[in-house]
1. Take the conditions touching a residue at least 40 places away in the same chain (Cβ under 8 Å), touching a Cys at 6+ places or on another chain (Cβ under 6 Å), of a type in the set (Val, Ile, Thr) and surrounded by 24 or more Cβ atoms within 10 Å (Cβ to Cβ) and apply them to B:VAL450. Does it pass?
2. Report every pair of residues separated by at least 6 positions or lying on different chains whose Cβ atoms are under 6 Å apart, first residue within region A:25-39 and farther than 15 Å from B:THR360 by Cβ and facing chain B (nearest Cβ under 7 Å), second among the charged types (D, E, K, R) and surrounded by fewer than 22 Cβ atoms within 10 Å (Cβ to Cβ).
3. Might you let me know whether region B:433-452 holds any residue that is farther than 30 Å from B:ARG32 by Cα and assigned to a strand (DSSP E or B)?
4. Given (1) part of a helix (DSSP H, G or I); (2) at the interface with chain A (Cβ under 7 Å from one of its Cβ atoms); (3) crowded, with 22+ Cβ neighbours inside 10 Å, identify the lone condition not met by B:ASN423.
5. For region B:228-245: of the residues being more than 14 Å from chain A (Cβ to nearest Cβ) and buried (at least 20 other Cβ atoms within 10 Å of the Cβ), which is nearest to B:GLY114 (Cα to Cα)?
6. Taking region B:168-195 as the region of interest, how many residues are within 9 Å of the chain's Cα centre (by Cα) and assigned to a loop (DSSP other than H, G, I, E, B)?
7. Would you kindly identify the helices (runs of 4 or more DSSP H) lying entirely within region B:319-416 that contain at least 2 residues that are more than 9 Å from chain A (Cβ to nearest Cβ) and either crowded, with 16+ Cβ neighbours inside 10 Å or modelled with pLDDT under 95 (or both)?
Amino acid sequence: MYDSAPFFLQFANSIRLMDRDEIAAIAHLARLELGEAELAAFSESLTRILALVGELDRADTAGVAPMAHPLAGLSQGLRPDEVTERNERDRYQGNAPRVEAGLYIVPKVIE
Amino acid sequence: MSWHARTLTELATALRARELTSVELTRLLLKRIEAAQPKLNAFVSVTTEAALAAAAQADRTLAAGSAGPLVGLPIIHKDIFCTDGVRTTCGSRMLDNFVAPYDATVVAKLKAAGMVMLGKSNMDEFAMGSSNETSFYGPVRNPWDARLVPGGSSGGSAAAVAARLGPAATATDTGGSIRQPAALCGVTGLKPTYGRVSRYGMIAFASSLDQGGILATSAEDVALLLGAIAGFDPRDSTSVDRPVPDYAAALGRPVAGLKIGVLKEFFDTGLDPRNARCVRDALAVYERLGAAIREVSLPNIGLSVPAYYVVAPAECSSNLARFDGLRFGYRCKDPRDLTDLYCRSRGEGFGAEVKRRIMTGTYVLSAGYYDAYYLKAQKVRQLIANEFEHAFNEVDVIMGPTTPTPAFELGAKTSDPVTMYLNDIYTIGANLAGLPALSIPCGFVGELPVGLQIIGPHFAEERLLAAAHSYQRETDWHRRIPSGYE
C-alpha cells in the first residue's frame, strides 16, 4: 500500500502537549466520563490533532473576515412566530429512558 | 442483464412497461441484501415488511397508470436520516434503541414520490470517520475486497450500491462522506451545494458543513434523485429558497468548450501515482470531448484539513450536547446524581472517535482559546472560499482525485486519527466553501476503483452532472460490478 505523506504537514509549530489532567478537565467540561486508558490515549491523540490544527498559524489572514455563512451574502430567513407543530408528547416520550405521569424522571437535583 | 445490475433509470422504464413489478424487484433485492449482510455488514436495519407493503402499493399506482417517475423504485437510507417509526441509530450505541418519531424531509420527499425503502445503511458513528470502522455495529467491508474498508462515513450506502443490493442510496457529506466512499467503492456520489437539500431530520454533526446527497451507479440516476430531494424546506432555516432545475434535462449539455481547472496542489506529493494516472487519463477523455484544460492553484487548500478539524469538532461538541441521557437515547445504570448521569451516559454511549471530536471541539471553544483556534479557522475557511471563487472566475469546474489512494485495509489507519483525517484531504475544501462536488469512477488500480472528483461553483449541480454524464457515455468504469456480486 502506497504511504500517503501529506503535502503540507510539517509540524513546524511547537507542539502543545496535552497532559492527563488537562484531558480530564476537558472531559469534565464536555460531561464525558473517561477511564484512565482513555485519558492516556486522548492525551496522545489530542496532542497530534492540535499539532495538525497548529498549521493554521502559517496562514496570513490579515484583513480576512471570519466566515459567517458558506453562501456569501446569504443570511438565514425568519418565519412568523406561530405554532406549526402538533403536540406529540406521548410519542416523543416513548423514546425516553424514564418517564412517569408524562414527566421525564432524573436523579434528585435539589436536596 | 439481471435486474439488480440495472440503473435506477432503466428500472423505472421496466416498471412502467410492466416487465417486472415493484414487489418482484423488492423481493429480489431483499434476498441479495440478506445474502450479502454477513460479508459486507452494509445495513443496520432491513425493513422487509414495510418495503413489501410499499412495493405492493406502488404496483397498484403503476397499474392505475398515473405513477410519477420514482414510483416503485428501491432506495436505501443512510441511518443518519430519521425514519418515522423505524429505528434510527446514526451508527451509535447512544441511539441503539431510538425509534424516530418523524421522517427527515429527504425521506418524506422520496416516500411521497413512491420510492420503496429497503433498509437503513451502516455508517461511521455520527458520521465521524473515513473508513466505517467507528460504527457501533461493526465495520462495513468493501465489496471489491472484503479485507478493505469501503470508506466513510457513508460506507454502508456506498458498499450496498456497489454490490448492487439496491440501485441508489441517500448519504451525507460533512468532509467527504459521500465522495470518499463513492471513490473507494466505485460508485457515483454527489454532495450538493450547502443549503440545496434540507437537513431537517438529518442527525446533525457539523451544521455549517453537513449536506445530504445521493449515491448511485450513474450521474443520470443521481440527477433523477437530486431533483426529488432538493429544494427549500421551511423546517431547515439554512435550506435555500431557489427553484430546483430539471437536472435530468441538463444531462445532455455538451462538454465541448467546458473550461476545466486542474488543481496543482492535488497532484503534489501524497497522491498515489497509480491514482494520479487514472485521473490524468480521465482528463484526457474530457480533452478529447473538446474541453479546455488548464492548471489552477489554491495556495491555502492545504490548510483545509486543519481548518476543518477546528470547525467540525467545535460544531459537533455543541450539536452532540443534546445527548444527555434524559429525553432519549442511552442512559447509564444507577446514576448517583445528575452529573454522574450525564458523564456516564455520554462516556458509555459514545465511541472513541466521537468522544475525541467532542473533546477537541470543547477544547478549541474553551475560554482563552476561541480566538486562536475557532476564529482563526473561520478566517482560513473564508480564505479558502475566496480562492475557490477566484478560480471559478477562470474555469467552469475543477477536477482532480477524490482520494489519495485506493481503499486501504481495515485497521490500517485506526491507531493514529490524524492519518485517518488526511484521507479527506481532497474533499474537505468543498465542504468548507459550501460547494457542490461529485465523485465518479475513472479507472482501477488492480481490482480497486479510483474516483475522479468534479467541484463546481455554488448551485452548479447541473454542470457537474452533465460533465459526469458525458464521461460515463464514453467509459464503462461505472458499469463494473465487484466479483461475486455480478
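1. When the stated conditions are applied, B:VAL450 passes them.
2. Filtered contacts from region A:25-39: A:GLU33/B:ARG344.
3. yes
4. All conditions pass for B:ASN423, except number (2).
5. My answer is B:ALA228.
6. Final tally of qualifying residues: 4.
7. Hits in region B:319-416: B:352-365, B:376-394.
Residues are listed down the side, and each one gets a yes or a no for (1) at pLDDT 95 or above; (2) surrounded by fewer than 16 Cβ atoms within 10 Å (Cβ to Cβ):
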site	(1), (2)
A:ILE26	yes, no
A:GLU33	yes, no
A:LEU39	yes, no
A:GLU55	no, no
A:GLU88	no, yes
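The values are calculated or read from the model by the stated rules, or taken from the named source; none is laboratory data. Since the model is a prediction, treat every value here as computed from it, not as a measurement. Every residue, glycine as well, gets a Cβ built from its backbone with ideal geometry; the counts of neighbours run over all protein chains shown.
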